1. Considering each residue of the stretch 24-81, count those that are touching a Gly at 6+ places or on another chain (Cβ under 7 Å) and closer than 18 Å to Ile384 by Cα, and give that number.
2. Tally the residues that are acidic (Asp, Glu) and surrounded by fewer than 17 Cβ atoms within 10 Å (Cβ to Cβ), restricting the search to the stretch 388-414.
3. Restricting to the stretch 212-226, what's the tally of residues that are within 18 Å of Ser195 (Cα to Cα) and among the aliphatic types (A, V, I, L, M)?
4. Considering only the stretch 287-299, I want to know if a residue exists there that is modelled with pLDDT of 95 or more and among the hydroxyl-bearing types (Ser, Thr, Tyr).
5. Given the options Ala57, Ala113, Ala95, name the one that is within 22 Å of Asn23 (Cα to Cα) and either surrounded by fewer than 23 Cβ atoms within 10 Å (Cβ to Cβ) or modelled with pLDDT of 95 or more (or both).
6. So how many residues does the stretch 251-300 have that are of a type in the set (Ser, Thr, Tyr) and assigned to a helix (DSSP H, G or I)?
7. For Val67, indicate whether it is among the β-branched types (Val, Ile, Thr), in contact with a Phe, Trp or Tyr (Cβ under 7 Å, 6 or more places away or on another chain), within 20 Å of Gly383 (Cα to Cα) and at pLDDT 95 or above.
8. Filtering the stretch 116-144 down to residues that are touching a Phe, Trp or Tyr at 6+ places or on another chain (Cβ under 8 Å) and among the hydroxyl-bearing types (Ser, Thr, Tyr), which residue is surrounded by the fewest Cβ atoms within 10 Å (Cβ to Cβ)?
Amino acid sequence: MTKTKFIFTLILIIDMINLFGQNNLDKAINNWKNGEIKKAHFEALQVINESPDNEKAKYLLMKAWFVQGRYKEALQTFITIDKGYRKYKECVDLAIQANIHLRDYDNAFLIAARNKSKQLLYLKGFTNKRYAAIAEKTYYVPFLHDNKISSDYWPGVTGKINGVQSLFRFDTGGDYVIMGLSAAKSLGIELNYKSKSIHAAAKVTVWHSIIESMSFDNGPSFLNVPVTVMADMDDFIIFGTNILEQFLSTIDYHNNQFILTPRDNAHLIEVHYKMLSQRNLKVPFFLWDDHYMFAKGKLANNDSLNLFFDSGLIALNEVEGKLVQASFTASKESLKKWKFDKNNLKQNGFIPTKYSLSIENLNQPNTLIWFDSNLKKDRNFGGIRIDGLISHAWLKNYSWTIDFDKMEYTFGLK
């Protein structure tokens, strides 16, 4: 073979390898967008094996590790990503969140400082005040019974904030604690770091601060709890996913209670699982950013949907003299794609259907949909299309256990 032919053959082989890698990367990105996390993860690894310097594939791999709760692996991937990569800022933000999930605030702060992240101001509050859950046993925390909004529609608990008796509502659409401006002022909470956020598809002003002490009646206590104060929110106080993250958490709708077992006690975890209904279904879930939990589901004939589990979606309608709660909401984009009547999509409102809303083989018929006209496009979590939100109205038919170590839901039947 002549030198010219050899060089031409070598170039052709390199081009074929690059084309193979690009095809796999395109497949990985498409699978990621569709919420096929395991496939995207595998294909990203294939690309990196062929092209170790492919920064786009490494970022995708980092995200895949992250949503599966593999935060250490996500951070190991992060340190291999070139700082010149055009999405390095997003990589930094994700690395900060991975460290926060691991409760490594020092490393989160260090990464933020080195990369001049906007999260630096927020993280300064943690340098001397570390969030901690104080829990030594399994706690059975009863649902509160409140005349304003029944636990049938929005469960919650009683407890204390900085020694003041308080009422907490449960919402996996939130992170740690969220409250309105007047509630924060009445509790003496300082309004520190100010920013913009999204609440119910609208931009709102928020402040970030820390609650020095918090406890649930008959339940665990917490120190230095991050709190978000919202300008547009009523006097509600909400606790969310990141409070539950410290526990093997069962929202026992059948018995009107939360069951909370500290994750670091293997014996209690084993006992906790033995208490659960033997008639159950286990479903993998994923978590984006700080608190956005999602899993696969189905509405009518639309399967493999990515559903955000938002227990605090409170949309109530009166039907024949009775209050009914919407179990699902979706964007105008999705509802049009699913051939819903466009006349129902002109303004906010309820859409009654005979469709079943399903997670694997758990089916709830006659889904009532809440439509928010402000939500025109699908949400996305790190590039993953979110097709809709599933609410308390669906979840309350089961006992719902969230295992943040296994990244697995257990739905118990009566």
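The values are calculated or read from the model by the stated rules, or taken from the named source; none is laboratory data. Fair warning: this is a prediction, and the values are worked out from it, not measured in the lab. Using ideal geometry, Cβ is built from the backbone for each residue, glycine included, and neighbour counts are taken over all protein chains shown.
1. The first filter runs over the stretch 24-81 and keeps only residues touching a Gly at 6+ places or on another chain (Cβ under 7 Å), leaving 32-33, 47, 50-51, 54, 63.
Applying the additional criterion that residues be closer than 18 Å to Ile384 by Cα yields 32-33, 63.
Final tally of qualifying residues: 3.
2. Filtering the stretch 388-414 down to residues acidic (Asp, Glu) leaves 403, 405, 408.
In the following step, the residues that additionally are surrounded by fewer than 17 Cβ atoms within 10 Å (Cβ to Cβ) were identified as 405, 408.
Residues in the stretch 388-414 being acidic (Asp, Glu) and surrounded by fewer than 17 Cβ atoms within 10 Å (Cβ to Cβ): 2 in total.
3. Selection size over the stretch 212-226: 0.
4. Taking every residue of the stretch 287-299 in turn, at least one turns out to be modelled with pLDDT of 95 or more and among the hydroxyl-bearing types (Ser, Thr, Tyr).
5. Being within 22 Å of Asn23 (Cα to Cα) and either surrounded by fewer than 23 Cβ atoms within 10 Å (Cβ to Cβ) or modelled with pLDDT of 95 or more (or both) holds for just one of Ala57, Ala113, Ala95, which is Ala57.
6. Our first condition is that a residue be of a type in the set (Ser, Thr, Tyr); within the stretch 251-300, this holds for 253, 261, 273, 277, 292.
Retained after the next criterion (residues that are assigned to a helix (DSSP H, G or I)): 253, 273.
Of the residues in that region, 2 qualify.
7. Criteria met by Val67.
8. Looking at the filtered set, the residue picked out is Thr127.
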